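The values are calculated or read from the model by the stated rules, or taken from the named source; none is laboratory data. None of these values were measured; they are calculated from a predicted model. Here the Cβ positions follow ideal geometry from the backbone for every residue, glycine too, while neighbour counts run over all protein chains shown. Note: accessible area is taken over every heavy atom of the protein model, side chains too, but ligands, DNA and RNA are not part of it. Shrake-Rupley method; radii C 1.70, N 1.55, O 1.52, S 1.80 Å.
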Amino acid sequence: MTQVLEGPDAVPVLMYHSVSRVAEGPMRPLAVPQDLFREQLGTLAEAGYQLVGLSEALDVIEEDPGALVAAVTFDDGYLDFLRHALPVLTELGARATLYLPVSHVGRSASWLGLEAETLGPLLTWAQVHEVKRAGIEIGNHGLVHHPLDVLRPAQRDREIADSQHRLAQELGRPVRSFCYPHGYQARGVRAAVARTGHDNACEIGYRLYRPGRDDRLAIPRLQPTPDHTGEDLLSLVEEGDLRLLPRVKRVARPGWRITRRVARDMFGKRLT
């Protein structure tokens, strides 16, 4: 069942991965240098935005629909979150949600193949607890970082439930927020996420979240990149992503899912 939330017309949800510097290559858009990260979030804070994690943002706008709030999220749990992102968040009085692919904690981002080491190692469990003590929400990014929408239902449900259970054990409390690996989701995936106790979930989407109209279990996000100045990011959160490409991707999503299922079943290939 679609879950919706009454609130403002649109809420920006930011999707970061790494606070680091990558000069070139396919990982560059996912790496925002620390000084630029400070400028980006600082500009939003100066404009009056309350910067919090996703679950907290949803709670804030449910309590006060007129609140000016932006949710800050990080995927994958890179070590640089602790070293470079957390100090800036603390400096600005901001919070965030950090999504962990549970089976990869303390290891490398092996799902990236040849680029696995580009963004550095992932947090260990001890470091995850350090992040949690700093007031950061820990969210679920699945058991293994691969697309859930093309898995067979039994495996899909098991991976979502097992990752929730492991995180709840580690953190000492249930996990509210889920992030779909690679952003891929479908009706069955959303239902499985809800059954395991998550009350919100995010994809990629490249647009603003519209409470009351968008599914709370498929919250879209905007992606800051190393090419966004603070003022650029402010425009993005105020206007949304106006590029044609994100809209084309949304329209093409069902056909791409079929292609990935065929690749899995006929050739044993996992396309992301």
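Of all trypsin sites (Lys or Arg not before Pro) in the stretch 1-109, which ones are in loop regions per DSSP and have a Cβ with at most 14 other Cβ atoms within 10 Å?
Values: sites: ARG21, ARG38, ARG83, ARG95, ARG107; in loops: ARG21, ARG95, ARG107.
Loop-located and lightly packed - ARG107.
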For ASP241, ASP75, ASP162, the accessible-area ranking with a 1.4 Å probe, largest leading, is ASP162, ASP241, ASP75
Once all protein chains are kept in place, HIS228 shows an accessible area at probe 1.4 Å, nearest 10 Å², of 40
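Taking all protein chains in place and a 1.4 Å probe, what share, in percent, of the accessible surface of the chain do carbon and sulfur account for?
52
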Given a 1.4 Å probe, the accessible area of the chain per residue, as a whole number of Å², is 45
Given backbone amide H placed at 1.01 Å from N, residues whose amide H is under 5 Å from that of THR196, ignoring those fewer than 5 places away on the same chain, are none
Between VAL69 and residues 5 or more places away or on another chain, the pairs with built amide H atoms under 5 Å apart involve GLN50
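Rounded to the nearest 0.05, what FRET efficiency do HIS165 and ASP9 give with R0 = 41 Å and r taken as the Cβ-Cβ distance? Could you check? Present the calculation step by step, with values, prior to reporting the outcome.
Values: r = 37 Å, r/R0 = 0.90.
Calculated value: 0.65.
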Quick note, the chain: a/c under 1.5 would make it rounded; otherwise a/b > b/c is prolate and the rest oblate (a ≥ b ≥ c, C-alpha gyration tensor); here it is rounded
If R0 = 35 Å, then ARG213 and ALA45, at their Cβ-Cβ distance, give a FRET efficiency to the nearest 0.05 of 0.80
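Mind ranking THR90, THR225, THR124 by accessible surface for me, highest first, 1.4 Å probe? Write down the numbers at each step before the final one.
Working: THR90 95, THR225 25, THR124 55 Å².
My answer, sorted largest first, is THR90, THR124, THR225.
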Rounded to 0.05, the calculated FRET efficiency for the beta carbons of GLN155 and LEU114 at R₀ = 41 Å is 0.95
Whole-number value, in Å³ per residue, for the convex hull of the alpha carbons of the stretch 140-199 is 66
Counting only backbone N atoms under 17 Å from a point 7 Å out along Cα-to-Cβ of ASP59, the residues of the stretch 113-142 in range are 132-140
Heads up, the stretch 4-137 by the C-alpha gyration tensor (a ≥ b ≥ c square roots of eigenvalues; a/c under 1.5 rounded, else a/b over b/c prolate, else oblate) looks prolate
